[in-house]
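Take a look at the structure set out below.
The values are calculated or read from the model by the stated rules, or taken from the named source; none is laboratory data. Everything numeric here is computed off the predicted structure, so don't read it as measured data. So basically every Cβ, Gly included, is an ideal-geometry build from the backbone, and we count neighbours across all protein chains shown. Side chains are part of the model used for accessible areas, which takes the heavy atoms of the whole protein and leaves out ligands, DNA and RNA. Shrake-Rupley method; radii C 1.70, N 1.55, O 1.52, S 1.80 Å.
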Amino acid sequence: MNAVFFGVFLLQAVTPVLGFATGAPASVCGSMKPEHSRVQPQPGQPPYTIETSNSTFQTGQPLTVIIKGPDYGGVLLEARSGSRTNALGSWESPPANTKYLQCSGNNQGAITHSNANMKSNLTVYTWIPPETSNSIYFVATVAKDRSVYWLNVKSATLTRDGAVGAGSAADPKMATAPVLLVLTMLASTLFQS
């Protein structure tokens, strides 16, 4: 009987120390905050950045994503748009030591670690854009180890290739600028003669 009580005590004492060595649970998809007991995110600028293979995207065209910085053991990586927290698009086959995490009802909506083995700048994630959203960014929680992690590591915002936005030719204010430039140059040429 004492052995059973000792076993239960030992399991309860060890479980919080382990954290989630086999990946983030789906319950943290929105907040992206690990449920490591009594461990808070690191303050200040993270030593990680998220780099993408392109600054624009097209539906169905793969885009590669790399987390640059020191080696890391844990990760939760999603694509989002605006202030919404749903995971967008889908990830292709997860690289070694990672796996899919179902977020926002999307079976391949996020990537998380599958073990505590270290990942590096050589770990390449491949994302497939959805038909929705004209702009997205990638956001990650990156854990050096169980007790040291950074929340809200973000990429630059990417726009859909060909999306209408400020500064595009479809913006009426911008469409008149080339016409005014041509008229000004023509008038200048006529008055110089």
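Some notes on this structure:
- Gain in span if fully extended, Asp161 to Gln45, counting 0.36 nm per residue against the direct Cα distance: 38.7 nm
- Exposure of Asp71 as accessible area (Å², to 10), given a probe of 1.4 Å and all protein chains: 80 Å²
- Under 27 Å of direct C-alpha separation, and excluding same-chain neighbours fewer than eight residues apart, Lys68 reaches these lysines: Lys33, Lys99, Lys119, Lys144, Lys154.
- Computed over neighbours whose Cβ is under 14 Å from that of Glu131, the net charge equals 0, Lys and Arg +1, Asp and Glu -1.
- Computed on protein heavy atoms with a 1.4 Å probe, the accessible areas place Thr126, Thr141 in the order Thr126, Thr141, largest first.
- Separation in nanometres of the label points that stand 7 Å from Cα toward Cβ, at Thr126 and Ser147: 3.9 nm
- The fraction of accessible area contributed by carbon and sulfur in segment 30-176 is 49 percent, rounded to a whole number (1.4 Å probe; ligands and nucleic acids excluded).
- Per-peptide average of other Cβ atoms within 10 Å, ordering 39-51, 78-90 highest first: 78-90, 39-51
- Modelled FRET efficiency - R0 35 Å, Ala21 with Arg84, Cβ distances, 0.05 increments: 0.75
- Cβ-defined net charge surrounding Gln61, 13 Å radius [Lys, Arg +1; Asp, Glu -1]: -2
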